[in-house]
Amino acid sequence: MAAVVLVPAAVAATVAGGWVFAGLALAAALGLAWEWRAMTGASAAVMGVGILAAWSMGVWVSIVAALGYVALFVGLTAALAFAARARHGLLWAALGIAYVALPMIALLGLRQRPHDGTAVVLFLFAVVWATDAGAYFVGRAIGGAPLAPRWSPRKTRSGALGGLAAAALVGIVAALAGLASNPWLALAVALALSVAAQIGDLLESIVKRRYHRKDSGRMIPGHGGLFDRLDSLLVAAPGMAVVMAAGGVTPWFLRGGL
């Protein structure tokens, strides 16, 4: 049921772009920050100011400029976390800001690409959603050895392969539909993003296990919290930003825009 609402909303906001997309990104980031505060006991004030500051920068920077801002942001956050290591709430607030804000900055920068921003973001979403669905259904159908028993005993190696296969299918479909200027590159990027998405899923599992949580929150009735739905995207989005920046500001991966 959550996908019935969240997926169309994400697609519609991506197509609309502008302040609609920026507003949805901010709303998601603030929701994630709230859940992070509830899980870790982080400072709500520090997190709120940090997210708003990151968003205000992200709404106008291009993807190339965004990467420079991300590097600065990571450095400042790391310095804050190190300086505040004895203060639990401030330390986890700094880490939470980085965890939530970096993907938001990446998404805003990707959408602002002048020729193919819409297509790039939709491709990213499609790969992440396919990975999650493939891992879930294949893992349930086949089962087998756990992928990371210490952190997430329910995730299986068969599920991980199912997620990779589903992501590869998205890359192939993009190539067949004429969106990809280089089919092999589309497949490679899809697989790389799938790996990043599954790392994001595991990272959230580690945090929840640290705080003995089954779900990140109750923001989505019957489906847990926003982290439970967006954990894969939190690593895949910065990964996509790096891939796109490597190609410069002109379209090289997807043909044109939508």
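Provide the packing ranking of 125-132, 6-13, i.e. peptides ordered by the mean count of other C-beta atoms within 10 Å per residue, highest first.
Final packing ranking: 125-132, 6-13.
Using the Cα atoms of segment 147-197 to build a convex hull, what is its mean projected area in square nanometres?
Mean projected area of the Cα convex hull: 3.5 nm².
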* **Built amide H within the under 5 Å cut-off of A180, gap 5+** => A175, R255
* Structure fact -> For the L176, S56 Cβ pair and Förster radius 30 Å, calculated FRET efficiency rounded to 0.05 is 0.15
* Structure fact -> Here, chymotrypsin sites (Phe, Trp or Tyr not before Pro) of segment 9-46 satisfying both criteria (DSSP loop; at most 16 other Cβ within 10 Å) are none
* Whose amide H sits under 5 Å from the amide H of T156, counting only residues 5 or more places off or on another chain, with H placed in the peptide plane? -> L147
* To do: Tell me the label-point distance for the pair A16, L185, using the 7 Å Cα-to-Cβ offset, in nm and rounded to one decimal.
  => 3.2
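The numbers here are math on the coordinates, done by the rules we state, and not lab data. Note that the structure is predicted; figures quoted are calculated from it, not measured. Quick reminder, even Gly has a Cβ in these numbers, built from the backbone with ideal geometry, and neighbours come from all protein chains shown.
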